[in-house]
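The values are calculated or read from the model by the stated rules, or taken from the named source; none is laboratory data. Predicted model, so just to flag it, every value in this text is computed and none were measured. Please note: Cβ atoms are built from the backbone with ideal geometry, for glycine as well, and neighbour counts cover all protein chains shown. Note: areas computed on protein heavy atoms with side chains; ligands, DNA, RNA excluded. Shrake-Rupley method; radii C 1.70, N 1.55, O 1.52, S 1.80 Å.
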Amino acid sequence: MRPGCVLVILSYKVIHPLLCLFTTFIFMSSQASIHPRRPVLWSYFLIRLLFKFLLKVFYGTVVVQGVENIPQTGRPCIVCANHPNCLTDAMFLTSVIPSRIRNMIHFGAASILFERKNFITWFLEALGTVPIQRRQDLTDCVINNDAAVGKLTQTLEMGGAVCLFPEGDSKFHPAIGPFKTGVARIVSDMLSRNRHNDDFEISILTCSITYMNRQPFRSDVLITFHPPFTFRPKDNPELLGPVNYDNIRLVTAQMYRQIATGTFDAPSWDLMRTAKMATPIYAPLGTAMSLGDYVRVTRAFLEVFKAGRLPDPSTSSIGSSDSEVSAQLQDERVVKLKEDLQAYQSELQLLRISDDHIHRPLSLPVIIYHMMLWLIWASLLLFLSLGGLALWFPVAATTLYGVRNVKKTGTARDTWEQIAQFKLIYGCIAFLAVYAGAVAFTLRIFPLTPVAVPMLMWMSLRWFEDAVSAARAFVALGRLLRLETATLARLRATRADLHHRVMQLAVDGIGLPADPENQFVAYEGKDKDRVVGRLSENCQLAFQHLWQLMDF
């Protein structure tokens, strides 16, 4: 038997009884009190803590916008979001919605997730998740979701909140899928039930979830809550039964448009990469731009490239000072800019260098000096993280083993959206096993082990992450040294031309600020939308001052 199999089986055997006991207790506790107006159960609080820990380990910066738009507990609310990353999306929503605003969120999930009793099923049931039958899962059966809709309606009648993903399925493709009309039909049903209650209202809270890079470890995530749609029987008689189905489609279309404004909606990965190439040319690396600003700027370029034309050709003057330039000529220049950006990006990928190295040319002494700094910094951080990495090794090995097996079960289209959730599941099981083993072996020697072990693992993870970044910077500078002078000069000339055209598109065509390196700092601030603690903020400022002193 392979070592990976032994490790997974051992981890499962060690913590399986504890998991069964823990999740069974949570399920019983959650079923004992389901009234949404009551204070949050401590079992649900523990689940949120577990989710926060797992997401903090596997993801980098998590930015949450629009928390003030979330309706308070006691007001019926349906949370709707795009669905790019399977169960991870539900974990994020459970974690980022403050319990002081909403004490519990009930989810709807595909019924196939409940067919086999396992780790995922226990947590879904503990969170009050309602199984929903999908046509693509039950092709030979009659779809009947009356019981599921009844449970969701009961929760809403008591002033609770439910979360549904209108796409109906998680997709790896960068485009948002077509929305099902189930949410709008539930709203119509709730309004019809309370047609004689003038004070009744129900809200649809739309949410956009954006993963900067879904597959890599420690990716950044942006979660945006939009202003809710509020419906009342007296204000929305068109949704009272019997309802015209066109009104249901209209509500669904409004949800789609609002969610799409807060995330990327690209027809292809190539177009997505092109838009992400235009953003650093417009706002170079080092611009004090929040993650929310980055997504909004990138999406602005994406929408123009996707349409192949300017948002308002009649008022734009891109590429010419003459206001009478035809819309057709403007559109041709947009298409040409997109093609040139793709060619420039392909060449950078072939040379394995970044755009920042072309934008900020460095002399030979400066490159050598920076390489020495990055090498020393990477070596120091790697040395500091060795102790914790020994504990992380079983977790990483188990996770990689599980992900490799998932990839073998189907095509990339069918398995990519499941990889993130299996990383979390295998990683959680392995971490609990490592933690239990470390505490069992060292508790007699060092009584503070239960606290010291997770602290050591967390700090070593951050140190190792920074060490990898420093090593990558060292390697990138080494590639820059080997680059021929003529090639480097040609790339700089190409980038200068692209920068001129991108700035014209951004300022004259899209309406973005003409001075992004100063505008975003003055208008929104460097750490806007980021949850930064006082210690973290002070350390960040100290390191920035240190690097400024060390830089030429």
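Among the conditions (1) open to solvent by 50 Å² or more (accessible area, probe 1.4 Å); (2) over 25 Å from I368 (Cβ atoms); (3) part of a helix (DSSP H, G or I); (4) free of Cβ contacts under 8 Å to residues at least 60 places away in the same chain, the only one that Y426 does not satisfy is (4). Among the residues making up region 437-449, those that are of a type outside the set (V, I, T) and surrounded by 15 or more Cβ atoms within 10 Å (Cβ to Cβ) are G437, A438.
Considering region 196-218, the residues that are crowded, with 16+ Cβ neighbours inside 10 Å and among the polar types (S, T, N, Q) include one that is nearest to the chain's Cα centre (by Cα), namely T210. Looking only at residues of region 310-358 that are open to solvent by 30 Å² or more (accessible area, probe 1.4 Å) and among the aliphatic types (A, V, I, L, M), we find that the one that is modelled with the highest pLDDT is A343. State which residue is modelled with the lowest pLDDT when the search covers only region 196-233 and only residues that are closer than 22 Å to T155 by Cα and of a type in the set (D, E, K, R). Once the filter is applied, the top-ranked residue is D198.
Filtering region 469-498 to residues that are under 29 Å from the mean Cα position of the chain (by Cα) and either in contact (Cβ under 8 Å) with a residue 24 or more places away in the chain or farther than 29 Å from L302 by Cβ (or both) leaves A470, A471, A473, F474, V475, A476.
Number of residues in region 189-240 that are over 30 Å from K56 (Cα atoms) and basic (K, R) equals 4.
Among the candidates V243, V251, V183, V149, the residue that is within 25 Å of the chain's Cα centre (by Cα) and either in contact (Cβ under 8 Å) with a residue 24 or more places away in the chain or more than 28 Å from V57 (Cβ to Cβ) (or both) is uniquely V183.
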